[in-house]
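The next block holds one structure in the form of structure tokens; read it before the comments.
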Amino acid sequence: MTPAARLAAAIDLLDAILSAARDNGPPADRLVNDYFRARRYAGSKDRRAIQDRVFDTLRHAVSLSERLAAAGLAATGRTLALCALDDAETADLDRGADGALFAGPHATHAPDAAEAAALAAARALPADRLSATARLECPAWLANHLDLDAAAPVLELLVGRAPLDLRVNTLKAEPEAVRAALAEQGVSAGPVAGTATALRVDPPVSLHQSPLMRDGAIEVQDANAQRACALAAAAPGEAVIDLCAGAGGKTLALAAAMANEGRLWAVDIAPQRLKTLARRAAIAGVTVAETVALPATGKPRARWLDAHADAADLVLADVPCSGTGTWRRNPELRLRLDADWLDELRRRQARLLDEAATLVKPGGRLVYATCSILAGENDAQIAAFLDRRPDFALADPAGGPHAWTPDADGGDGFFAALLVRRPADA
């Protein structure tokens, strides 16, 4: 593909992602995968170049949108992509139809004089003329939900690219053996401090075709998500419930910690995600996990919860959240989230936390987790829960809830709190 065709493809994808963000449609990575599945002619270098342009533009969409608005332009896939052109590429805007980025049958049309002038003004706007939130690529309304000065170091890092972290599946391999096998493949991976199963690949490379991935010896999983699983301390022989299992990343980690001994229920509202989990479990050698598809509300859910009340040694509630801690991986979430959705998420989190509590037997453990950096989804939820359920208490021997952030160790923003239900005779 020519540079012009790559730019046009990126604009098409950005328009699709913006539309999906407005209408609560599919996530950006799925749209990108579907786009290239329908365009097999695009080579691997083309796909990588287009994806990089799309996701780098999304990472700066807040400041780019403010720049465009100041110049009188709406933020569309086209204007965002053109405003994000690097210094070498912007010369094509001056050449118009003669520029390489606008030449050929698959190119986007060249800007006319008015659009070119507005784009030049948008790019030339000094950074100190942008709002404090835009400089941190944070939606303006979200400033009411965090301490902007305190959060600035984290927000700055969330504009960059995420590292590639792996979880070594101890049902099939050990970390040092995996490191050695990766080294033989020319891949450098090192341990992540404070984790037993995490390896960080540097520089990041695709491992989808690696025998280690195909055989289930490794999974892609952020180191801080692994820390949350380790905090749960699932043990062989226990009864464990993963209440919001999704596609099963944490379910598989729990099963490995249990050494495939005990009972493990993976519960989710989306049957398709659970089918993905079942396939991943088979590859990983997980035999202890049982998938349970339950609707979000209604009698079937109530019956299952009642049938398993007070039954679990451990419940993991990795609840739906804003995903603010994953903005490096999912930059379009900045555009999806709004105040109403955040309020709805917090109500759902409280309900799920209460449901999880009913499943924990006296003396059992409950881990509440989010991939959010917002206190309203994290510490505030735990404080409110403890007011509602005095039979639970924080039990983390390391000193309370954990808020892991990329400025500490490079992982995603992640929160986890370990709670214990007091024994019946306490």
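The values are calculated or read from the model by the stated rules, or taken from the named source; none is laboratory data. In this text the structure is predicted, and so the values were computed from the model without any measurement. Note that each Cβ is placed from the backbone with ideal geometry, even for glycine, and that neighbours are counted across all protein chains shown. Note: accessible area is taken over every heavy atom of the protein model, side chains too, but ligands, DNA and RNA are not part of it. Shrake-Rupley method; radii C 1.70, N 1.55, O 1.52, S 1.80 Å.
Number of residues in the range 169-194 that are assigned to a loop (DSSP other than H, G, I, E, B), open to solvent by 30 Å² or more (accessible area, probe 1.4 Å) and under 23 Å from residue 251 (Cα atoms): the value is 6. The residue of the range 90-106 that is farthest from residue 62 (Cα to Cα), among those that are acidic (Asp, Glu) and open to solvent by 20 Å² or more (accessible area, probe 1.4 Å), is 98.
Listed here are the residues, each with its yes/no results for (1) surrounded by fewer than 18 Cβ atoms within 10 Å (Cβ to Cβ); (2) at negative phi; (3) hydrophobic (A, V, I, L, M, F, W, C).
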{"residue": "207", "(1), (2), (3)": "no, yes, yes"}
{"residue": "214", "(1), (2), (3)": "yes, yes, no"}
{"residue": "218", "(1), (2), (3)": "no, yes, yes"}
{"residue": "225", "(1), (2), (3)": "no, yes, yes"}
{"residue": "237", "(1), (2), (3)": "yes, no, no"}
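Filter the range 124-139 for residues that are open to solvent by less than 70 Å² (accessible area, probe 1.4 Å) and in a helix (DSSP H, G or I) and give the result. Within the range 124-139, 127, 132, 133, 134 qualify. Among the residues making up the range 23-45, those that are in contact (Cβ under 8 Å) with a residue 24 or more places away in the chain, open to solvent by 20 Å² or more (accessible area, probe 1.4 Å) and outside any loop (DSSP other than H, G, I, E, B) are 29, 35.
Return yes or no: is residue 87 free of Cβ contacts under 8 Å to residues at least 24 places away in the same chain and open to solvent by less than 30 Å² (accessible area, probe 1.4 Å)? No; evaluated as a whole, the condition is false for this residue. Comparison of 117, 121, 100 shows that the only residue that is farther than 27 Å from residue 27 by Cα, small (Gly, Ala, Ser) and free of Cβ contacts under 8 Å to residues at least 12 places away in the same chain is 117. Checked against (1) open to solvent by 50 Å² or more (accessible area, probe 1.4 Å); (2) at pLDDT 95 or above; (3) of a type outside the set (Ser, Thr, Tyr), residue 109 passes all but a single condition, namely (2).
Would a scan of the range 157-168 turn up a residue that is within 22 Å of the chain's Cα centre (by Cα) and in a helix (DSSP H, G or I)? Looking for residues that are within 22 Å of the chain's Cα centre (by Cα) and in a helix (DSSP H, G or I), one finds at least one in the range 157-168, hence yes. Scanning the range 258-275 for residues that are under 13 Å from residue 169 (Cα atoms) and free of Cβ contacts under 8 Å to residues at least 60 places away in the same chain yields one hit, 258.
In this structure, residue 201 does not qualify as surrounded by fewer than 16 Cβ atoms within 10 Å (Cβ to Cβ) and under 24 Å from residue 328 (Cβ atoms). Applying the condition of being of a type in the set (D, E, K, R) and within 29 Å of residue 143 (Cβ to Cβ) to the range 361-387 and asking which residue is most open to solvent (accessible area, probe 1.4 Å) yields 387. Against the conditions (1) part of a helix (DSSP H, G or I); (2) open to solvent by 60 Å² or more (accessible area, probe 1.4 Å); (3) touching a helix residue (DSSP H, G or I) at 6+ places or on another chain (Cβ under 9 Å); (4) not aliphatic (A, V, I, L, M), residue 72 satisfies every one except (1). Is it the case, given these coordinates, that residue 291 is polar (S, T, N, Q), surrounded by fewer than 17 Cβ atoms within 10 Å (Cβ to Cβ), modelled with pLDDT of 95 or more and farther than 24 Å from residue 32 by Cβ? In short, no. Just a yes or no: is a residue in the range 152-162 out of contact with any Ser or Thr (no Cβ under 9 Å at 6 or more places or on another chain), under 23 Å from residue 250 (Cα atoms) and open to solvent by 30 Å² or more (accessible area, probe 1.4 Å)? The answer is yes; a qualifying residue exists. When residue 1 is tested against (1) in a helix (DSSP H, G or I); (2) touching a residue at least 24 places away in the same chain (Cβ under 8 Å); (3) crowded, with 18+ Cβ neighbours inside 10 Å, exactly one condition is not met: (1). Within the range 405-426, the set of residues being closer than 23 Å to residue 161 by Cα, of a type outside the set (D, E, K, R) and open to solvent by 40 Å² or more (accessible area, probe 1.4 Å) comprises just one member, 408.
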